[in-house]
Amino acid sequence: MHRRGLLLSVLALGAGAGAGVGAGLSGRAAAEDAVPLRTYGLALVGEPKLPADFTHFPYANPDAPKGGEVVVAAVGSYDSFNPFVLRGTPGPVTSLWDTLTRPSADEPDTAYGHLAHTIEVAADKSGVAFELRPEARFHDGTPITAEDVAWTFETLRAHGRPYYRQYYAGVDQVSVEGPHRVVFRFKTKDNRELPVILGQLQVLPKHWWQGRDFEAPLSEPPLGSGPYKIARFEFGRTLVMERVADYWGANVPTAKGRDNFGSIRTEYFRDSTVALQAFKAGQIDFRRENISKVWATEYDFPAIQKGLVKKQSFASRLPTGMQAFVMNTRRPVFANRLVRQAMAQVFDFEWENKNLFFGLYTRTESYFSESDFASSGLPAPDELALLEPLRGKVTPEVFTTAFKLPVTDGSGNNREGLRSALALFKQAGWEVKDRKLVDANGAQMSFEILLDEPVFERVTLPFVQWLQRLGIGVSVRTVDPSQYEKLTDAFDFDMTVAVFGESDSPGNEQMDYWSSGSAKETGSSNLAGVSDPVVDTLVGKIVSAKTRPELIAATRALDRVLLNGWYVVPHWHIREVWAAWWDRFGHLDVPIRGGMAFDSWWVDAALAARTDAARQSGL
């Protein structure tokens, strides 16, 4: 949720001269909110860090050379160039289209104008207007207009993934008020995040899409406006994105020094193990690692020993969100909260961290982990003010017991956890007979864990074995990513692994994660099927929070309700970005909040010649 450009104008969500939109959450006097202000950026936390006359992001080199090729890997397949709809499996083509604003990788929820040179937020917060740069062009030379912005918004809301209907639900109407001015009017005046959300809009060319079925997979390269265009492709195998030589935005501050690669080639592999071997062989140039065992044991091959490959951990200061085994409450087996709680008692994180993860991870105990929004202990007075009116509808433990996940000694002998689970199962109407956990009718509890990659089987199978000790019939099914997406879009699974990413300012995305409406929307992020009026109320409080303290209180209250609903078995997190690359790149050695920004790197011709020669000679 972010972005920026040259001269931006904000008529105010609240603050003094030069403030960003986030000033509305900074506790300034209400009188200031009524004064139309001009600014150059939007921030949900504090104010934009960069001055009005900034020329480039601090982590980007404005003199970076352009050119060279970078090869990266993807696991799975793709068969479409339309990432906005449910049908088809899209390739990595989001760099085809520019957005109204662009985020900074080193600031929390801050946006600077990109396509837009001016942003106006109504003094009463009832709407936002974007004025486009006259020089902005699609790749065919056609100007990007306000009509394109309005058409894109309406098309995504009507025909895009359900996510867009949830995300844009607060917009009442969009109108074109000139060739370069588009205005969004809101249904309410208390959705602090909507201006930033709308700034993220990727603007599509209305003239190109006329006569095409927007809801269908797209097999021809679409017309874009961004720094890259599709140069070559083979569905399911290869996609080459080529830098646009006359890219209209090359000198806009948000783009200066970024998108430096002459081409980006994505090679597809059937699983991450094969992709790793391709990297070691020099067929892939850059790789982010997310498997602790691989990071700890697989990066000691000859190219690293010879200094041809570098590996580095980049410290990240971003919230880590929640990764977990997610239980689909639409399935009868997981409809009972006690059953879901029992699942968490069985999982032995300490054993897995010790034996599988080399002790590298920290257990996640909040949906908003590593942020100000994570709940802890008992509810504070401001949280109680939100929760007390809901008493009787909220699990009593929310008020009386600090949420805590079970902790084991890591020996693998989790008898206490298994006993706790059996007690919970018994309360829910299940008992062990003939070594099977059965209900009152004698039917065994059974379910399937759906995965999209074989590599995750190693952390899932021990969990399966622990559940089987209790007489539960559990199986694991691993499918390819495209099939996985279809199954999860239709909520056709019992349990799966998912990540709920969070930002420095939770907001409208919580509706897609947890609201009753999203539980019924095919393709939404509400995989657990949460449909609870209490959750809906608290999500509404988050979206409408007017100050940061209000936002923190509402989010912590939601966190408590979700945790005590036991919709997931929480996993783990780490505040590092692991990356390895063949030594052919240049980049500024500047620590940033996001850990690293690969789109600001460039190919160093001298280094590339050295590594290419070594690879061609077989090292």
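Only the coordinates and a few stated rules stand behind these numbers; no lab work does. Please read all numbers here as calculations on a predicted model, not as lab measurements. Heads up, the Cβs are rebuilt from the backbone with ideal geometry, glycines too, and the neighbour counts pull from every protein chain shown.
Electrostatic bookkeeping for Ala528 treats Lys and Arg as +1 and Asp and Glu as -1; over the other residues with beta carbon under 10 Å from its beta carbon, the sum is +2.
Checked against a 24 Å cut-off, the cross-linked pairs Lys49/Lys189; Lys354/Lys486; Lys125/Lys541 give Cα-Cα distances beyond that limit for Lys49/Lys189; Lys354/Lys486. Maximal additional length on extending the Phe358-Ala158 stretch stands at 67.3 nm, based on 0.36 nm per residue less the C-alpha distance. If you take the square roots of the eigenvalues of the alpha-carbon gyration tensor of the chain and sort them as a ≥ b ≥ c, do you get rounded (a/c under 1.5), prolate (a/b over b/c) or oblate? It is oblate, given that a/c is not under 1.5 and a/b is not larger than b/c.
Packing around the peptides 441-454, 339-352, taken as the average count of other Cβ atoms within 10 Å per residue, puts them in this order, highest first: 339-352, 441-454.
Within the shell of other residues whose beta carbon sits under 11 angstrom from the beta carbon of Asp480, the net charge comes to -2, with Lys and Arg scored +1 and Asp and Glu -1.
Applying 0.36 nm per residue to the separation of Ala440 and Asp172 and subtracting their alpha-carbon distance, the gain on full extension is 91.4 nm.
Kindly rank 421-430, 505-514 from highest to lowest mean number of other beta carbons found within 10 Å of each residue.
The peptides rank, most packed first, as 505-514, 421-430.
One quarter of the convex hull surface, Cα atoms only: what value does that give for region 322-573 in nm²? Averaging across all directions leaves 13.5 nm² for the Cα convex hull. Which of rounded, prolate, oblate describes region 507-619, given a ≥ b ≥ c as roots of the alpha-carbon gyration tensor eigenvalues and a/c under 1.5 marking rounded, otherwise prolate only if a/b is larger than b/c? Prolate, because a/c is 1.5 or more and a/b exceeds b/c. Rounded to the nearest 20, the Cβ-based charge dipole of region 246-387 about its Cα centre (Lys and Arg +1, Asp and Glu -1) stands at 400 debye. Put a plus charge on the Cβ of each Lys and Arg, a minus charge on the Cβ of each Asp and Glu, and nothing anywhere else: the dipole of region 322-573 about its Cα centre is then about 880 debye. For a label point 7 Å from the Cα of Thr400 along Cα→C-beta, name the residues of region 531-573 whose backbone N is under 19 Å from it. Once the point is set 7 Å along Cα→Cβ of Thr400, 560-566 turn out to lie under 19 Å by backbone N, inside region 531-573. Computed from backbone phi with θ = phi - 60° and the Karplus coefficients 6.51, -1.76 and 1.60, the 3J(HN,Hα) list for region 81-89 is 10, 10, x, 9, 10, 6, 6, x, 10 Hz; x is used for glycine and proline. If R0 is 51 Å, what FRET efficiency do you get for Leu338 and Asp246 from their C-beta distance, rounded to 0.05? The pair Leu338/Asp246 has a calculated efficiency of 0.25.
Peptides 114-126, 591-603 ordered by packing proxy, namely the average of other Cβ atoms within 10 Å per residue, highest first: 114-126, 591-603. With θ taken as phi - 60° and the Karplus curve 6.51 cos²θ - 1.76 cosθ + 1.60 applied, the whole-hertz 3J(HN,Hα) list for region 129-139 is 10, 10, 10, 7, 5, x, 7, 5, 9, 7, 5 Hz, x standing for glycine and proline. Measuring r between the beta carbons of Lys306 and Trp208 and using R0 = 51 Å, the FRET efficiency lands at 0.60. With R₀ set to 41 Å, the beta-carbon distance separating Glu448 from Thr547 gives a calculated FRET efficiency near 0.35. When a/c reaches 1.5 or more, the comparison of a/b and b/c decides; with that in mind, is region 309-367 rounded, prolate or oblate per its Cα gyration tensor? Judged from the Cα gyration tensor, region 309-367 comes out prolate (a/c at least 1.5, a/b above b/c). For Glu350, neighbours were defined as the other residues whose beta-carbon sits under 10 Å from its Cβ, and their charges (Lys and Arg +1, Asp and Glu -1) total -1.
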